[in-house]
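Working notes, beginning with the structure itself.
The values are calculated or read from the model by the stated rules, or taken from the named source; none is laboratory data. A quick note: this is a predicted structure, and the numbers were derived from the prediction, not measured. With ideal geometry, Cβ positions are generated from the backbone for all residues, glycine too; neighbour counts draw on all protein chains shown.
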Amino acid sequence: SDEQRAGRAAAEAENHSMGVKLDELAIKAAALTRLGRMQEAVIFLREGKALKAEQDAKYPDGFCTACLHQRPSRAHHCRVTDRCIARYDHYCCYIGSSVGLANYKYYVLFVWTTFLHSCVVLAACITRLSLLAFSLLAEHSSPPPLTAPEP
């Protein structure tokens with residue numbers, strides 16, 4: 001009936017808007033989390049070459065020559081953002097940021113909400129297509145009305 005259809009449409013619209021809001025919240029949290037720069041450090045130079053022994057003694061975890069910062073353990077330099085990221089995982093073009101220690105949980109939340117939203121959209125599409133197919137089959141499977149022959 002029309003009331004049931006209207007109720008289903010309202011429920012679908014509400015679920016869709018909740019999914020979109022969760023996706024937006026997750027992507028904003030993942031993209032806008034401040035990853036921060038590592039502490040600045042000084043490279044000791046002697047005759048144009050860095051003194052490896054002094055660097056190793058002062059920075060046992062390492063030193064990033066690309067951004068000239070002390071690099072903590074398990075940090076890597078991201079070529080795209082040109083920053084050292086603690087526990088660097090990868091650069092994600094969908095959130096426009098590097099995924100690391102500071103925003104990993106938000107990135108996983110973004111991936112899961114996107115997956116769940118995709119499942120809801122897929123279920124809605126399958127439901128809509130099956131209803132359309134059943135209505136078309138019902139229209140075309142009924143026998144044509146009998147008409148009297150014309151004289």
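Just a few scattered comments:
- Criterion: farther than 30 Å from Gly62 by Cα and either within 21 Å of the chain's Cα centre (by Cα) or loosely packed, with under 13 Cβ neighbours inside 10 Å (or both) - qualifying residue of Leu101, Leu122: Leu122
- Conditions (1) exposed (fewer than 13 other Cβ atoms within 10 Å of the Cβ); (2) more than 18 Å from the chain's Cα centre (by Cα); (3) outside the structural domain of Glu24 (by TED's automatic domain parsing); number of the one not met by Ala133: (3)
- Residue, surrounded by the most Cβ atoms within 10 Å (Cβ to Cβ), within the stretch 61-81, restricted to residues that are of a type in the set (Ser, Thr, Tyr) and under 27 Å from the mean Cα position of the chain (by Cα): Thr81
So that you can scan it fast, the table gives a plain yes or no per residue for (1) part of a loop (DSSP other than H, G, I, E, B); (2) modelled with pLDDT of 90 or more:
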| position | (1), (2) |
| --- | --- |
| Ala66 | yes, no |
| His77 | no, no |
| Leu101 | yes, no |
| Thr114 | no, yes |
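- Condition check for Ala123: out of contact with any strand residue (DSSP E or B) (no Cβ under 8 Å at 6 or more places or on another chain) and at negative phi: yes
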